[in-house]
There are 2 protein chains.
Amino acid sequence: MSLATPFTDFMAIEHPIALAPMGGSAGGALAAAVSNGGGLGLVGGGRGSRAWMERELAIVTARTGKPWGIGFLTWAIDIDTIVWALDQRPHAVMLSFGDPGPYAARVRATGVPLIIQVTDLDEAQRAVDVGADLIVAQGTEAGGHGGRRATLPFVPTVVDFAEPTPVLAAGGIADGRGLAAALALGAAGALIGTRFLASHEAMVPAEVRKAIIDGHGADTERTRVLDLARGSGWPAKYTARVLRNAFVDRWRGREEELAHDLEAHRPYGQAVDDDLNAISIWCSEAIDLIHEIEPAADLVHRLASDAAAALARAADGTQTTPSR
Amino acid sequence: MSLATPFTDFMAIEHPIALAPMGGSAGGALAAAVSNGGGLGLVGGGRGSRAWMERELAIVTARTGKPWGIGFLTWAIDIDTIVWALDQRPHAVMLSFGDPGPYAARVRATGVPLIIQVTDLDEAQRAVDVGADLIVAQGTEAGGHGGRRATLPFVPTVVDFAEPTPVLAAGGIADGRGLAAALALGAAGALIGTRFLASHEAMVPAEVRKAIIDGHGADTERTRVLDLARGSGWPAKYTARVLRNAFVDRWRGREEELAHDLEAHRPYGQAVDDDLNAISIWCSEAIDLIHEIEPAADLVHRLASDAAAALARAADGTQTTPSR
């Protein structure tokens with residue numbers, strides 16, 4: 001059973017699934033595995049570290065002959081990063097968080113598909129204006145950085161707003177039912193991050209995989225605390241969804257104080273080395289639905305087949321009736 | 001095209017749609033219209049005002065011969081309210097917000113289906129323990145009072161947790177695509193509130209309908225400010241999603257101060273009479289998707305047929321491909 005959409009047609013891929021380009025975690029091995037599984041693997045280019053990208057893009061091009069791409073933090077890069085990335089012949093470039101204006105024309109001039117992630121309708125307007133080929137509507141359930149809108153009502157709103165530009169849903173999607181829901185909402189597919197962290201190919205410590213398997217969505221929250229402590233430079237608009245920990249508990253509601261308290265940074269810096277409890281584990285609210293670590297290519301197949309089954313079950317009215 | 005589910009089978013209704021029992025807004029006329037449209041109309045019994053209920057239940061029983069029910073704020077009622085309500089021969093009783101323990105056995109002893117709304121997994125456990133026939137998993141996108149979990153990841157988590165008890169999805173569902181997504185997530189239907197406020201039969205001022213039609217989800221937020229100002233007695237756990245207004249802006253982040261500042265209550269009391277901007281308009285984050293006022297029975301039919309179409313479109317891979 002195939003779930004053909006404008007996204008699969010446009011990118012010439014099998015399944016309507018894209019890997020979220022998680023900076024530092026979505027390396028070449030994970031992106032290649034997702035592409036080989038029939039999805040669109042996107043390497044997490046983050047702020048555009050040349051050394052990291054050179055290594056990981058060598059891996060992705062060596063391991064897959066299928067379409068792959070690379071994503072960046074828009075606010076953290078410059079035009080040289082985009083020019084260099086386009087020279088590596090990706091099949092898509094994705095820009096997230098910040099104004100894509102300075103880079104969109106350059107990507108479009110090469111004919112490489114431009115994917116822009118948005119967290120509110122103002123950003124969706126900007127994505128349409130600069131000519132995005134695909135728009136990712138990211139809900140607040142997403143792991144890591146994001147905005148305030150929830151996926152379920154935000155996705156169809158962006159679909160209507162951006163028509164006819166195809167929209168991918170992101171945030172809170174971790175199983176076939178979530179992908180099925182995204183398609184039912186009118187999205188042309190889903191961009192999935194945290195679920196792929198619990199794969200063999202993700203560049204994360206075993207402790208992170210374990211925390212995702214064991215954790216609950218109720219234990220996640222959006223916060224600026226860790227960004228402030230790290231001096232990460234993230235725009236205040238974008239908070240990060242993390243598993244709650246002692247450091248977040250300590251500084252919640254005291255963000256201004258933390259930002260101006262250099263002393264406060266020291267225990268955090270030590271804790272990163274010493275204490276897993278203080279490490280920021282970026283993850284989605286949907287971690288209740290993640291129960292095992294799998295090869296990423298198998299995961300792509302399973303997400304797609306489970307989504308097709310969920311849609312068929314819902315459409316046919318064949319949900320089983322429990323006895324009263 | 002029919003969307004049969006364990007919910008429609010169990011309640012002997014046509015469409016997997018329930019009216020959220022919005023206190024004061026979901027009266028007998030609206031509940032009867034939803035039931036006559038093939039859904040399950042639930043009168044908003046709120047805190048159990050006898051005079052209000054007598055009037056509205058007379059209306060619902062006069063206007064429909066189909067299944068209907070009544071919902072209450074669990075924290076605000078007593079056993080006499082339940083006993084009285086059961087004497088009115090509803091086809092379902094719904095309990096939301098608070099411990100259903102003191103009332104569940106009484107409802108179940110009569111054989112009337114018991115619906116319990118939950119906002120987190122602890123509440124879901126309690127609902128299972130007391131023998132709920134149906135569980136409503138309500139996401140934070142919902143209008144009015146609710147919790148912190150988002151519908152898209154929360155619903156399948158509750159479905160897995162509560163199996164085999166059927167689950168309805170609530171929060172952020174305002175069109176056929178949202179209902180389709182709920183079914184794709186494994187829910188047996190959707191409980192819908194705000195969309196039905198924009199109907200002819202809702203007991204709301206024209207200004208509220210207009211605000212819902214004109215408003216945007218980005219302009220809603222969860223807050224305790226209005227409850228504190230009203231001295232409403234709501235448990236602190238449950239915030240209310242409202243359209244932002246000057247009063248909420250003024251007191252955001254100063255809830256403790258407001259709670260102890262009796263003087264602050266006065267301007268609010270005046271403003272309710274004087275200034276629409278200060279009235280709390282309870283509504284869902286999904287209001288971007290609400291464009292017109294319709295008769296509620298027509299709305300039930302359209303939501304169901306649009307949901308069936310959305311599921312068929314997604315399952316068949318027949319989304320249209322825009323030109324590149």
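Under the rule of at least 5 residues apart or a separate chain, name every residue whose amide H is placed under 5 Å from the amide H of A:ASP120.
none
Could you give each residue of segment A:212-219 its phi-based ³J(HN,Hα) in whole Hz, using Karplus coefficients 6.51, -1.76, 1.60 with θ = phi - 60°, and x for Gly or Pro?
5, 5, 7, x, 10, x, 5, 8
Show me, for segment B:116-126, the HN-Hα J-couplings you get by feeding each phi into the Karplus relation (A = 6.51, B = -1.76, C = 1.60, θ = phi - 60°), rounded to Hz, glycine and proline as x.
10, 8, 10, 10, 7, 6, 4, 5, 5, 4, 5
Would you mind estimating how fast segment A:1-119 diffuses translationally, via Stokes-Einstein at 10 °C and 1.306 mPa s with the Kirkwood radius over Cα pairs, in µm²/s? Kindly include the intermediate steps, with their values, before the conclusion.
Working: Rh = 14.0 Å.
After rounding, the answer is 114 µm²/s.
Going by accessible area, probe 1.4 Å, with all protein chains left in place, what is the ranking of B:VAL128, A:VAL34, largest first?
Numbers: B:VAL128 60, A:VAL34 0 Å².
Result, largest first: B:VAL128, A:VAL34.
Counting protein heavy atoms only and a 1.4 angstrom probe, how many square angstrom of accessible surface do chains B and A bury in total, to the nearest 100?
Numbers: alone 13890 and 13880 Å², together 23660 Å².
So the total buried area for this chain pair works out to about 4100 Å².
What size of dipole, in debye to the nearest 20, comes out for segment B:73-221 about its Cα centre when the only charges are +1 on Lys and Arg C-beta atoms and -1 on Asp and Glu C-beta atoms?
Details: 10 positive and 18 negative charges, 61 e Å.
Here segment B:73-221 has a charge dipole of around 300 debye.
Report, in deg cm²/dmol and to the nearest 500, the calculated mean residue ellipticity at 222 nm for the protein assembly as shown, where each DSSP H run with n ≥ 4 adds -39500 (n - 2.57) and the sum is divided by the residue count.
Value at 222 nm, helices only, nearest 500: -12500 deg cm²/dmol.
For A:GLY172, what residues show an amide H to amide H distance below 5 Å, using hydrogens built from the backbone and excluding near sequence neighbours?
Here A:ALA142, A:GLY143, A:GLU285, A:ALA286 satisfy the definition.
Using only alpha-carbon positions, what ratio does the radius of gyration of the protein assembly as shown give when scaled by 2.2 N^0.38 Å? Kindly include the intermediate steps, with their values, before the conclusion.
On the way: Rg = 24.6 Å, N = 648, 2.2 N^0.38 = 25.8 Å.
In units of the globular-protein estimate, the protein assembly as shown measures up at 0.95.
Could you tell me the distance between the Cα centroids of segment A:75-125 and segment B:18-37, to the nearest Å?
Taking the Cα centre of segment B:18-37 as reference, the centre of segment A:75-125 is 48 Å away.
If DNA, RNA and ligands are ignored and the probe is 1.4 Å, what is the ranking of A:ARG302, B:ARG195, B:ARG250 by accessible area, most exposed first? Walk me through the numbers before you get to the answer.
Numbers: A:ARG302 85, B:ARG195 5, B:ARG250 120 Å².
Reading off the accessible areas and sorting them downward yields B:ARG250, A:ARG302, B:ARG195.
Could you sort the peptides A:92-98, B:242-248 by per-residue average Cβ neighbour count (10 Å cutoff), highest mean leading?
A:92-98, B:242-248
Provide a list, ordered by number, of residues in segment A:179-203 showing at least 50 Å² less accessible area with every protein chain present than when their chain is taken on its own, using a 1.4 Å probe.
A:ALA184
Comparing B:GLY253, B:GLY217, B:GLY69, which has the greatest mean-square fluctuation in the GNM of chain B with Cα pairs linked when under 10 Å apart?
Looking only at B:GLY253, B:GLY217, B:GLY69, the biggest GNM fluctuation is shown by B:GLY253.
Given bins 10 angstrom wide, list per bin the percent of all Cα-Cα distances in chain B, short to long.
6, 27, 36, 22, 7, 1, 0
Among A:SER199, B:LEU289, A:ALA307, which residue has its Cα positioned farthest towards the positive end of the charge dipole of the protein assembly as shown, with +1 placed on the Cβ of Lys and Arg, -1 on the Cβ of Asp and Glu, and the dipole taken about the Cα centre?
A:ALA307
Run the 1.4 Å probe and let me know the accessible area of A:HIS260, rounded to the nearest 10 Å².
150
For segment A:132-197, just the Cα set please: Rg and Dmax, both in angstrom.
Rg and Dmax of segment A:132-197, Cα atoms, are 10.7, 32 Å.
The values are calculated or read from the model by the stated rules, or taken from the named source; none is laboratory data. In this text the structure is predicted, and so the values were computed from the model without any measurement. For neighbour counting, all protein chains shown are included, and Cβ atoms are generated from backbone atoms with ideal geometry for every residue, glycine included. Just so you know, the surface numbers come from the protein's heavy atoms only, side chains and all, with ligands and any DNA or RNA stripped out. Shrake-Rupley method; radii C 1.70, N 1.55, O 1.52, S 1.80 Å.
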